[in-house]
Amino acid sequence: MTPSRIRPPFVADERTQLVGWLDMQRAIVHYKCEELSEADAHRQVLPTSPLMTVAGLVSHLRWTEQCWFEVLFLGRPADGPQFSEDPEDADMMVDDVPLAQLLEEYERQCAVSNEIISAHSLDDVGRHSDFKSAAASLRWMLIHMVEETARHAGHLDTIRELLDGETGYY
């Protein structure tokens with residue numbers, strides 16, 4: 001089931017607005033994957049960016065959530081394909097993983113991220129001593145994740161239109 005694409009209230013506290021915008025962008029990611037065949041989810045449409053597939057982007061977003069909120073913010077071990085030096089962009093190499101599985105993993109990771117966000121002050125800073133970016137506040141990380149997710153939702157929008165002509169934001 002695709003999460004609802006609802007903008008946050010015009011007037012609300014900062015956390016409600018930040019998480020609301022992030023949740024809406026996450027929902028757009030799911031929306032861009034609706035009724036997409038497995039072949040199309042893994043189809044390369046950009047010759048100079050062969051890893052930028054629908055499936056690859058969903059996987060990348062899942063691991064990006066884990067990186068920013070679990071690793072950089074909470075200070076957990078830097079585990080996952082995005083920390084692999086060989087090959088670069090390993091988090092997008094998912095030719096053998098079904099799109100439904102990737103979406104489920106992304107949804108679970110977003111729920112973990114939201115739990116972390118709700119349990120901490122927006123002024124708290126990350127804890128991982130090995131990464132300079134961990135010095136950012138949770139507020140900064142949330143704003144960054146809105147930007148990151150929205151940027152890739154735009155990529156998904158373009159890829160989807162190239163695959164089958166489907167367009168639309170809502």
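The values are calculated or read from the model by the stated rules, or taken from the named source; none is laboratory data. What you are looking at is a predicted structure, and each value in this text was computed from that prediction instead of being measured. Cβ coordinates were reconstructed from backbone atoms using ideal geometry, including for glycine residues, and neighbour counts include every protein chain displayed.
Inside region 142-165, residues that are loosely packed, with under 14 Cβ neighbours inside 10 Å, under 14 Å from Leu36 (Cβ atoms) and not small (Gly, Ala, Ser) make up a count of 2. Counting only residues that are under 20 Å from the mean Cα position of the chain (by Cα), more than 14 Å from Asp157 (Cα to Cα) and touching a residue at least 60 places away in the same chain (Cβ under 8 Å), give me the helices (runs of 4 or more DSSP H) lying completely in region 9-67 with at least 2 of them. The helices (runs of 4 or more DSSP H) meeting that bar are 14-33, 54-65. For region 128-141, residues that are of a type outside the set (A, V, I, L, M, F, W, C) and either touching a helix residue (DSSP H, G or I) at 6+ places or on another chain (Cβ under 6 Å) or surrounded by 14 or more Cβ atoms within 10 Å (Cβ to Cβ) (or both) total 4. Comparison of Glu115, Glu88 shows that the only residue that is surrounded by fewer than 16 Cβ atoms within 10 Å (Cβ to Cβ) and modelled with pLDDT under 95 is Glu88. Per this entry, Val97 is not counted among residues that are closer than 23 Å to Gly126 by Cα and either of a type in the set (S, T, N, Q) or crowded, with 16+ Cβ neighbours inside 10 Å (or both).
Identify all residues within region 112-152 that are closer than 22 Å to Pro47 by Cβ and not basic (Lys, Arg); write none if there are none. If the condition is that a residue be closer than 22 Å to Pro47 by Cβ and not basic (Lys, Arg), then His152 is the only one that fits. Applying a threshold of 6 Å to beta carbon distances and a minimum spacing of six or more residues, or different chains, the list of pairs starting in region 149-161 at a residue that is more than 14 Å from Ser59 (Cα to Cα) and without any contact (Cβ under 8 Å) to a residue 24 or more places away in the chain and ending at one that is not in a helix (DSSP H, G or I) and not charged (D, E, K, R) reads Glu161/Thr167.
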